[in-house]
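See below for the structure under consideration.
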Number of protein chains: 2
Amino acid sequence: MSENLKICSGFRFAGVHCGLKAGDALDLALLLSDCPAAAAAVFTENRFPAAPVVCGRKQMAAGDKIQAVLINSGNANACTGDQGEIDVAIVAEVLAAALELPREQMFISSTGVIGEPLPVTTILRGVESLVESLDDDAFGGPALERAARAIMTTDKSQKTVGIEVETSLGVVTITGIAKGAGMIHPNMATMLAYLLTDAGIEPQILPGMLKRVVDQSFNRISVDGDMSTNDTVLTLANGISGYSLSAPADLEAFEKGLLKVARELSTMIVKDGEGATKTVTIKVTGARHLKDAEIICRAVANSALVKTAFFGQDANWGRIIAAVGYAGVELKPELVNVSFDRVRVVSGGMRDPEYLEADGAAVLRQAEFTVKIDLQSGEDEFTVLTSDLTHDYISINADYRS
Amino acid sequence: MSENLKICSGFRFAGVHCGLKAGDALDLALLLSDCPAAAAAVFTENRFPAAPVVCGRKQMAAGDKIQAVLINSGNANACTGDQGEIDVAIVAEVLAAALELPREQMFISSTGVIGEPLPVTTILRGVESLVESLDDDAFGGPALERAARAIMTTDKSQKTVGIEVETSLGVVTITGIAKGAGMIHPNMATMLAYLLTDAGIEPQILPGMLKRVVDQSFNRISVDGDMSTNDTVLTLANGISGYSLSAPADLEAFEKGLLKVARELSTMIVKDGEGATKTVTIKVTGARHLKDAEIICRAVANSALVKTAFFGQDANWGRIIAAVGYAGVELKPELVNVSFDRVRVVSGGMRDPEYLEADGAAVLRQAEFTVKIDLQSGEDEFTVLTSDLTHDYISINADYRS
């Protein structure tokens, strides 16, 4: 955890082992606000939404304020039918009783294997120690870290970001925690993220703001092109700072801060991509339409052959060109330029006459670099962050459940 | 090569090493008809078509008959600009001179690395020995095998199929050769296939027939979701059998035979998929629209997580459900059933109450099996053949050019 991590006032955290994961790995997390918070959420677009997603959508539609978030790892409570939703209600009920808070202010998330019934009694046994450990550590730090660890599945490290935002009223804080390392895709896959702030934000402003932020962050990363049943980004604004933001300049500054936190968490997710050794920015410029830029960008970012070439540190630009070509967008091949960082590789659809393979290879040996594809046909552009496809990805996913 | 392989009369074959591949690996193939043949072709839809694809399209548009096909491996002649097309013309010119045939009847294909200039002089030096070795072996067999080997890139074995078709006039023969093991996708990626027949077919009938056949065969396989710059399926009908097919029943029997050859070659390509250890049929049934069935079928067949689970022999049906869900098709989750061969795994969007994991795992241990996804919402269905995603896929593609 960074020393510069800023932790919101008015939130407490906990993470314990309840028995969903093997050994003594943390598997149950609690994020608790000191008061009911304005809430907004963006959920997976998967047509098999998990039970906690179905329940969470109903809470958001009802405009419920949220005070506590309980997250379990080890079981996704997905494809579990009506019983899955009943299980969410039971967990929410027991948590509400333990916290002595209204049940509708409990928000539940799950992540893990699909299709197994949620082990409700195991979770319920953990709720008491979870609530107790909140009191152990009222000021964040280690408790936040335990919560972040408790929501991990194939993640190698916990993901937390905290920043301060200056407003005309005073300084507010935004703290984010997230998990996700595989199945990451345009539409936020097996990804959970919680963006907490002590700023006061009008509940009706929050959903639109979160949607814009998610579109510019979590929806621009790609690890393997799959999308999960459980993806959730939740933001809570509890107003404990005493600063209720309403001036346009303040709201703009806050939204920028929220985007910064979301982007840093997104980058952490790509860097922790299952088996990933490279973080690659794919940037398409000069498109006639934004949609064209996006389609081409995602085709390149999701190409198994391109991602494997990154792993091999092979400056095989032909695979990039092939992916641009099969994306299905009308383009003029003879105008397309490609660069690796500052090394021009392709000019006018062909190998640049000055290009030396050694220069391209030197860029690809770096842990981070940018592939820029300029279509030279317009003004629109799109960027996606992706990773390489490696032996470890196969090992992790061939053996995940065993 | 199968002992039952039927080789068309009126075609001769050759395969030699000219120096495009390392060592003495065969890298130049010739397929020669005894007379000009009616021709039709289907090419890649990639927006960066390779030079031989551009030239081949022009020949087909001009309605040229084709008598000789020269194919080189080791270099794709893609992203090579105007010089690439000039190089195709030079190779065609020299081949035509060596065979004493009209240049417009020469059809050229290339496969291999993208973006390197075609080593024309290396190829030209090989043309003479190529034409000479045609005479060594006038009756197919070993010469056909050499030709099939000479077009391979990452393929582990050559791919040839030959069958006889009974018609009202007499027996005609169809012989196919193909290459392809990676980048295989819906729209026929890095795949070359040549379907040769001694039947006589009207040139204006052939393109429509080939299109239907390709849609039902090469366009229904998936290895890694990429699509190449060079894909080509060419069919030649030289009429040497003396049987010109025109009766509807004869044409139907012939088209069935052509589809059989194309499907067998497609299956060989999936089985030889880079690093593949499993051949899996994904079958979606009960869709409201054919397009819905196709979209879901391809989403599952191309999912990196699903394909890795197949490799791990992990009956992780949750990943299949997740892929069905993110395909973007409206569906009723509570109606969806999934089976592995005859083992019902999912009923009504949830784990089937009778399902035992051991039964699912037993199916996945087989080298070949079927995943059936029944949407129970209509009558349409779609099938795609796919493979698993393995460590060897990564090794092959991370190191392909080194």
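Quick notes
- Filtered residues of segment B:57-73 (kept if buried (at least 24 other Cβ atoms within 10 Å of the Cβ) and either within 12 Å of chain A (Cβ to nearest Cβ) or under 30 Å from residue A:328 (Cβ atoms) (or both)): B:66, B:69, B:71, B:72, B:73
- Residue match in segment A:262-277 (condition: farther than 30 Å from residue A:157 by Cα and of a type outside the set (S, T, N, Q)): no
- Residue within segment A:374-383 that is within 11 Å of another protein chain (Cβ to nearest Cβ) and modelled with pLDDT of 95 or more present: yes
- With respect to the conditions (1) touching a residue at least 60 places away in the same chain (Cβ under 8 Å); (2) surrounded by fewer than 24 Cβ atoms within 10 Å (Cβ to Cβ); (3) part of a helix (DSSP H, G or I), residue A:53 lacks only one, and its number is (2).
- Qualifying residue in segment B:244-254 (condition: farther than 30 Å from residue B:304 by Cβ, free of Cβ contacts under 8 Å to residues at least 24 places away in the same chain and either over 21 Å from the mean Cα position of the chain (by Cα) or outside any loop (DSSP other than H, G, I, E, B) (or both)): yes
- Top-ranked residue of segment B:325-344 - restricted to ones that are buried (at least 24 other Cβ atoms within 10 Å of the Cβ) and within 7 Å of another protein chain (Cβ to nearest Cβ), ranked as modelled with the highest pLDDT: B:325
- Comparison of A:237, A:276 shows that the only residue that is of a type outside the set (Val, Ile, Thr), under 21 Å from residue A:33 (Cβ atoms), crowded, with 19+ Cβ neighbours inside 10 Å and under 19 Å from the mean Cα position of the chain (by Cα) is A:237.
- Residue in segment A:247-267 that is farther than 20 Å from residue A:323 by Cα and β-branched (Val, Ile, Thr) present: yes
- Hits in segment B:1-40 - residues which are surrounded by fewer than 20 Cβ atoms within 10 Å (Cβ to Cβ) and among the polar types (S, T, N, Q): B:2, B:4, B:9
- Residue list for segment B:358-367, restricted to those being loosely packed, with under 14 Cβ neighbours inside 10 Å and among the charged types (D, E, K, R): B:365
- Within segment A:306-322, restricting attention to residues that are out of contact with any Lys or Arg (no Cβ under 8 Å at 6 or more places or on another chain) and more than 7 Å from chain B (Cβ to nearest Cβ), the residue that is modelled with the highest pLDDT is A:320.
- When segment A:85-115 is filtered for residues that are in contact with a Cys (Cβ under 9 Å, 6 or more places away or on another chain) and not aliphatic (A, V, I, L, M), the ones remaining, listed by number, are A:85, A:107, A:115.
- Selection count, segment A:259-279, where residues are at pLDDT 95 or above and in a loop (DSSP other than H, G, I, E, B): 0
The values are calculated or read from the model by the stated rules, or taken from the named source; none is laboratory data. All values derive from a computational prediction rather than experimental measurement. Glycine gets a Cβ as well: all are built from the backbone with ideal geometry, and neighbour counts include every protein chain shown.
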